[in-house]
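In what follows, a structure is listed as structure tokens, so that the remarks can point back to it.
The values are calculated or read from the model by the stated rules, or taken from the named source; none is laboratory data. Not measured: the values here are computed from a predicted model. Backbone-built Cβ (ideal geometry, glycine too); neighbour counts: all protein chains shown. Ligands, DNA and RNA are stripped out before the accessible areas are found, and what is left, the full protein with its side chains, is counted by its heavy atoms. Shrake-Rupley method; radii C 1.70, N 1.55, O 1.52, S 1.80 Å.
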Amino acid sequence: MNTDPETATTGDSITAQYRAIAAAVCARLEKNERVRRNLPGGGRLRMDRQLPFLLLYRGSDDGQDSGTQELITTEAAYLFTSQDQKHHVGLSHLCGAISSTMQEHFGVFLLLEIAARSGDALHGPQLLGLKRLNFEIESSDADAMSSTVAALKTALETITVGRRSATVTITDDATRDTNRLPSLDLACSHHCGINCMTLRLSVSPIYRDPATGAVFPMVLQSLRFKLATVIRKAIAEFIGNTSPQAKAHYQSLGPSMLVKAARLIDQQLCEVSESFDFLLQVTPTNATEAWECFQESGFRELPPLQYRYLPYHPNLLKRRLFAIEIERVEDPTMAHLYWEKQAELDRQLTSLRDIDSLDSTITENRQQSNFLLSSFQLYGATDLELVELAQAILKKIARRNRKNSKQSSARGRCLSASELVTHAHEEIDYYRSQMTEFNATVELSDSIAAGIMVSQHRLMIANGLKVPQRRVAALLHHEIGTHLLTYFNGRCQPFRQMYAGLAGHEELQEGLAVLGEYLVGGLTSKRMRTLASRVMAVHWMCEGQSFASVFAKLNENYEISKSESFKTTLRVFRGGGLTKDAIYLRGLCDLLAYLALGHDIEPLYVGKIGLQHVPYIQELRRRGIIMPPRILPRFLDDPNVRQRLEACRAKSVLDLIE
């Protein structure tokens, strides 16, 4: 056979480059150092650490296989390069060298190649009509690693994308057609040992348009996320089957560090997040004056509410927000959390742009403000089950109040705002003694509607606030022992969203804070009535009732004082209709349900996360990216509190009324 001398020379040059790279790579892997190397022809090799596997993709030079390469970049060890024959010898040598080096540490090595199904590509016009996602597992070593192949097949069959379920076939690679890429000649390499196994997984390319080749990004994103779990389960089975002593949780096989791109995106998202304080911006600055005017009107008309001027244009912040290239993040778990946060920030900025978009907020003709519509997306509305629970709480407390009406109504001494500041400083000093980074500050304020609130590292207390002495400990555990503690725990984590707050984190935050009040004996009937009345106020507001109507119902139906009814109604109608106040009771319900399943509460203090994030946080902890909480609430050191916490696993919200 005649060989073009120029082509042969080029092939020899590429092979020499691969050999040089192999020597450098193996030298780093022997010392368990991270590998990031560019390969000839635009390829890349990444190995996060010493690992007994490598994912391989040999791409087409004509650009007709868009998207497939991204199916391997989710993993901690991957290599992609050209399928050109000039790379074959050098690539075989590189993979064989890596296999040999890793076998010295693990005794086994798995090379898993990912490719697009060529048969599906040939019948592209029919592809969009496929009811199933097809996978094909090919291996000449299937008998030698039958449990691995079986685990891979079982996991693949659970994948659904766009309502398409998966079918999986297993074939001997000796039967593949002549159009398939040749297997790497690892067996002929002196580097490769007898315990190097190879698998090829072919995937239906449903993630791209069969006519144009354009990628469907959301389909590809979904498949990447699900396939990453499948691959890690199969690798874990392979390792555990051939080396039982090396058995590890499959999630621990994922990337163990945040690469530069992920850190940059995290920083950029955090910069946008920290450039505004959503709750502070939607808090009226004239609450006291509004209360006085509302009284003078005979409790019929609320004067216009005033808000802090926005020091930025929301649309310009959105421009910064959507310039963040989250698609550069290869880790599907991190990318998912970042996409969620980007969407939440977008909705918050839309809300701020629409603050008070109707002067009467929700008028009698049932107009809805744009702010309220965004609020539904951020915090949801009240469902029937939550409303019925709120009504049950209010009814139970009303019976108790009537029963105790003849008893003494003395409530004990109330602490002033300045006295509360002193107690807050003492509490913060305690936590600072446990963690020097706990550098929270306390501020007195004349411009917050809530009596007390946390904004990032600041505890803000209204100047006119008075707190019953029996509620002080509960209040401090709520604000400092939960909101500030999770903020500073989050600051100790390697990515900033853990303290800026993952999307939808507020519900768990408030659930933890209210449960903390109960555990220290400070969740009074009055406090429970407040939480329930907030749910009812949100419910009525969402039905289209006016400010005056909601105020009157709280005051008359549930015998809540006029001043308290006003505060609750103002919180719900601020900005144009904010449904956030329903999450206190809902968060408590969801947390009790979580504890009833036997889960531990300690991991929830790792940062500002939601219950929906627990599986992701567990994965990141197994991968070594997230660390356990640096400190826990001080009340958990009390054996009596621990007993109350255990008892909560069998309690409903109604059982918490004391």
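Some values worked out for this structure:
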quantity: Among (1) at pLDDT 85 or above; (2) surrounded by fewer than 21 Cβ atoms within 10 Å (Cβ to Cβ); (3) out of contact with any Asp or Glu (no Cβ under 8 Å at 6 or more places or on another chain) - the single one Gln83 does not satisfy; calculated: (3)
quantity: Flag for Glu301 being assigned to a helix (DSSP H, G or I), open to solvent by 80 Å² or more (accessible area, probe 1.4 Å) and over 30 Å from Arg46 (Cβ atoms); calculated: no
quantity: Helices (runs of 4 or more DSSP H) enclosed by the stretch 547-613 - at least 2 residues per element that are open to solvent by less than 20 Å² (accessible area, probe 1.4 Å) and closer than 20 Å to Ala513 by Cα; calculated: 562-573, 583-596
quantity: Filter result for Ile625 (modelled with pLDDT of 95 or more and touching a Leu at 6+ places or on another chain (Cβ under 7 Å)); calculated: yes
quantity: Matching residues, the stretch 321-339, being surrounded by 14 or more Cβ atoms within 10 Å (Cβ to Cβ) and over 17 Å from Leu220 (Cα atoms); calculated: Leu321, Ile324
quantity: Search result, residues across the stretch 614-642 that are under 30 Å from Ala76 (Cβ atoms), outside any helix (DSSP H, G or I) and of a type in the set (Val, Ile, Thr); calculated: Ile625, Ile626
quantity: Output for the stretch 614-658, where each listed residue is surrounded by fewer than 16 Cβ atoms within 10 Å (Cβ to Cβ), closer than 26 Å to Arg496 by Cβ and touching a Cys at 6+ places or on another chain (Cβ under 9 Å); calculated: Met627
quantity: Residue among Thr350, Thr288 that alone is open to solvent by 10 Å² or more (accessible area, probe 1.4 Å), touching a Pro at 6+ places or on another chain (Cβ under 8 Å), assigned to a helix (DSSP H, G or I) and of a type in the set (S, T, N, Q); calculated: Thr350
quantity: Filtered residues of the stretch 477-507 (kept if touching an Asp or Glu at 6+ places or on another chain (Cβ under 8 Å) and either open to solvent by 10 Å² or more (accessible area, probe 1.4 Å) or aromatic (Phe, Trp, Tyr) (or both)); calculated: His477, Phe488, Arg491, Cys492, Phe495, Arg496, Ala500, Ala503, Gly504, Glu507
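Conditions tested, residue by residue: (1) free of Cβ contacts under 8 Å to residues at least 24 places away in the same chain; (2) in contact with a Cys (Cβ under 7 Å, 6 or more places away or on another chain); (3) under 28 Å from Arg623 (Cβ atoms).
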{"position": "Arg37", "(1), (2), (3)": "yes, no, yes"}
{"position": "Pro40", "(1), (2), (3)": "no, no, no"}
{"position": "Met47", "(1), (2), (3)": "no, no, yes"}
{"position": "Leu51", "(1), (2), (3)": "no, no, yes"}
{"position": "Leu55", "(1), (2), (3)": "no, no, yes"}
{"position": "Gln64", "(1), (2), (3)": "no, no, no"}
{"position": "His87", "(1), (2), (3)": "no, no, no"}
{"position": "Gly90", "(1), (2), (3)": "no, no, no"}
